[in-house]
Every structure is written in C-alpha cells, then in structure tokens.
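Asks: Input: one structure, supplied below.
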Amino acid sequence: MERRVEWLLQEAADLGLDNVTVVRARAEEAKLAAPLNQVTARAVTALSKLIPATAPLLLDGGEMLFLKGARVTDEVTAAAKQIRKAHLISVEVLELGAGIVPEVTRVFRATVD
C-alpha cells in the first residue's frame, strides 16, 4: 500500500493539484474529518464488499471509481443489493483504451444519491 500512496502523492504534486488528499488506510478503518467527493480502489475485492466499505466515506453526490477485472459486469449483477442499499445512481462500467492498448482497463463508476 505504501508504494501506491507515494505514487499518488507524487502524481498529485507533479500535476499541481492542491485539492487531493491521499488517505493510507483500509476503507473500513479510515478516520476522516469530513466525507469525500471521490473514492478510488484498484481490484481489491468484490463490489459486494467494496461498496458497503466505501459508501459511508462519500458525501451525497460523491463518486466511486474502482479499477476492476474482466468480470466486473458479473460483479455489478452480484452486488445489486449493495448498490440499492448504498443509494448508488449512474452505475456504469467503462472500458478505457479499447483499440489503443492491448488490454482495456475496466472502471466501475457510480454516484451516491
């Protein structure tokens, strides 16, 4: 986790972003002063577990962006109950890089209503 945190901090600095906070913690252990606008994760667990762990960290209108594997559509179906319970809207799976790179990147994106 430490390498990813350092990388994120460096990228934010390189891009001159002063509105980025990187929190080094598991979602269920994070202690936040205020809800977040956005939460990201990289293929850490199934959506059925990731959504309940991260939804409480977001303010209304906050966004989840999770890099996922090839079976993300199956995960969305399996997490239908958690999606409803977390009041997620605009749920979608994005495939990025098609026709540009050999393997596309899949992103689960949803907003807390």
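Asks: If I build a Gaussian network model for the chain, linking alpha-carbon pairs within less than 10 angstrom, which residue out of T21, T77, T45 has the largest mean-square fluctuation?
Replies: For the chain, modelled as a Gaussian network with Cα springs under 10 Å, the answer is T21.
Asks: Along the Cα→Cβ direction, 7 angstrom out, place labels at H87 and A70. What is the inter-label distance in nm?
Replies: Here the modelled spin labels are 3.8 nm apart.
Asks: What is the sum of charges around T77, taking Lys and Arg as +1, Asp and Glu as -1, for the other residues whose C-beta is under 14 Å from the C-beta of T77?
Replies: Working: positive: K68, R71, K81, R84; negative: D74, E75, E92.
Result for the local shell: +1.
Asks: I want to verify a result. In a Gaussian network model of the chain, Cα cutoff 10 Å, which of these has the top mean-square fluctuation: A13, A78, A86?
Replies: Result: A13 has the largest fluctuation of those listed.
Asks: Can you compute 3J(HN,Hα) from phi for each residue in region 100-113, using the Karplus curve 6.51 cos²θ - 1.76 cosθ + 1.60 with θ = phi - 60°, rounded to whole Hz and x for Gly and Pro?
Replies: With the stated coefficients, region 100-113 comes to 10, 10, x, 10, 5, 9, 9, 10, 8, 10, 7, 10, 7, 8 Hz.
Asks: Let me ask something additional. Pulled fully out, how much extra length does the chain show between E95 and V44, if you take 0.36 nm times their separation in residues and subtract their Cα-Cα distance? All intermediate terms of the calculation are to be shown ahead of the outcome.
Replies: Values: separation 51, 0.36 × 51 = 18.36 nm, distance 1.83 nm.
Full-extension gain reported as 16.5 nm.
Asks: Based on alpha-carbon centroids, what's the gap between region 7-40 and region 77-113 in Å, whole number please?
Replies: Region 7-40 and region 77-113 have Cα centres spaced 20 Å from each other.
Asks: I would also like to ask the following. At 222 nm, what value in deg cm²/dmol follows for the chain if DSSP H runs of at least 4 each add -39500 (n - 2.57) and the sum is divided by all its residues, to the nearest 500?
Replies: Details: 4 runs with 34 residues, N = 113.
That comes out to -8500 deg cm²/dmol.
Asks: DSSP beta bridges in the chain, what fraction antiparallel, as a percent rounded to 5?
Replies: Values: 13 of 19 bridges.
Given both bridge residues lie in the chain, the antiparallel proportion sits at roughly 70 percent.
Readers should treat all values here as calculations from the given coordinates under stated rules, not as data from a laboratory. Only a predicted model underlies this, so the values are computations on that prediction, with no experimental measurement involved. Cβ: placed from backbone, ideal geometry, glycine included. Neighbour counts: every protein chain shown.
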